[in-house]
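Every read-out reported here was derived from the displayed coordinates using simple, explicitly stated rules and does not represent laboratory data. Note that this is a predicted model, so its numbers are computed, not measured. Glycine also receives a Cβ, built like all others from the backbone with ideal geometry; neighbour counts cover every protein chain displayed.
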Amino acid sequence: MASAAAIFGTTATSDRCSRRVFVTTVRRSPAFLRTSRAIKTYAALVTESSAKVIDGKATSNEITKEIAAEISKMKESSGVVPGLAVILVGENKDSATYVRTKKKGCESVGIKSYEVKLAEDSSEQEVLKHISCFNDDPAVNGILVQLPLPSHMNIQNIFNAVSIEKDVDGFNPLNIGLLCMRDRDGEPIEPLFVPCTPKGCIELLRRYDIPIKGKRAVVIGRSNIVGMPTALLLQREDATVTVVHSKTKNPEEITREADIVITAVGQPNLVRGSWIKPGAVVIDVGFNRVEDTSCPLGDVCYEEVSKIASAITPVPGGVGPMTIASLLSNTLTAAKRAYNLK
């Protein structure tokens, strides 16, 4: 997807929101002319930050307390301890950090964690062997294979190998497929598990009492892991959904029509203030490390968008903690289902 500078026909000395952007060249391109009125409106609206901060860290803490209380009661009444197995392949630093965070989350709520670390050059068959062992282990209720995987591995083969009853990441094709389905009465059919990050996004909207039904929603990004499942979940909540992707023409114009914007493309500060309709709600899934900044950046230019939106998630501290909370929730659900517990 083109950067904001490319879309508006500009060249800038910086495209980071942490600094003022100095435009050095402006071409009178058709795209610029089409959006000039919106830019003027945006400039008039920009004052101080007015958006409510959607605090994913605080919300995830609430959820983990609820999960911990439920697991404690389950242990007392039945002796069941939920178990989560994580398979990490390679030495990716971010992946290792995520795995440590998930392990810490398990400890905080009383879930027993199992971990397998494999070398970068491990074969796909080795990963499948460990998945098979965890599939057969009754102490393990959930299995997570940390992404990304080395390029020589077929991700879909690995997703397919995880037992659907233990697919707490929600990536099994049947779980994804059920997100699309409705029964003869028009009611959504529930998958066994919903992918963790999309589930966290919807839970944030619910817990902040942000209406979804009948609203226009734009999801920026169409990945199998975040973008497409998020669009499907919004449809299940009766939103009217548009997916913006790298081949979409005039993405800023489409995005500006949305009441709810959820972005997950991995491009820092792609979404500028001029993309956002006043009063829209913005959920930023992006988590981008940039060389010149110590703090990761989202896909959304927070400095600009927070002055236009009614509510927005920060990066970090927004969607990330909700992903972990959703994983713990899915693992608890898997354990309850395995032992026929309510």
- Cα-based Rg of segment 205-342 per 2.2 N^0.38 Å, rounded to two decimals? 1.11
- Task: Measure out, as a whole number of angstrom, how far apart the alpha-carbon centroids of segment 163-183 and segment 86-119 sit.
- Result: 23
- For the chain, build the convex hull from the C-alpha positions and give me its volume per residue in Å³. 146
- To the nearest 10 degrees, how steeply does helix 30-45 sit against the main Cα axis of the chain, on a 0 to 90 scale? 80
- Rg(Cα) of segment 80-166 divided by 2.2 N^0.38 Å? 1.05
- Message: Can you compute the modelled spin-label distance between Val81 and Asp209, with each label point 7 Å from Cα toward Cβ, in nm?
- Response: 4.1
- Over the Cα atoms of segment 175-222, how large are the radius of gyration and the largest Cα-Cα distance (Dmax), in Å? 12.3, 31
- Message: Straight-line reach from Lys65: which aspartates and glutamates fall under 19 Å, measuring Cα to Cα and dropping same-chain residues less than 8 apart?
- Response: Asp55, Glu76, Glu107, Glu203
- Item | the chain: calculated mean residue ellipticity at 222 nm from DSSP helix runs of at least 4, using -39500 (n - 2.57) | -12500 deg cm²/dmol
- Relative to the longest principal axis of the C-alpha atoms of the chain, give the angle of the C-alpha long axis of helix 56-78, reported between 0 and 90° and rounded to the nearest 10°. 10
- Task: Once you've got the GNM for the chain with C-alpha springs shorter than 10 Å, pick whichever of Ile220, Ile312, Ile87 has the biggest mean-square fluctuation.
- Result: Ile87
- Query: How much of the DSSP beta bridge set in the chain is antiparallel, as a percent to the nearest 5?
  - Reply: 15
- Between 0 and 90°, nearest 10: helix 319-338 axis offset from the chain longest Cα axis: 30
- Message: Just want to confirm a number: the relative contact order over the chain, from Cα pairs under 8 angstrom separated by 6+ residues, in percent.
- Response: 21
- Task: Restricting to segment 250-342, compute how many DSSP beta bridges are antiparallel as a %, nearest 5.
- Result: 10
- Note on the structure: The simple spin-label model distance between Asn160 and Asp238, using points 7 Å out along Cα→Cβ, in nm, is 3.8
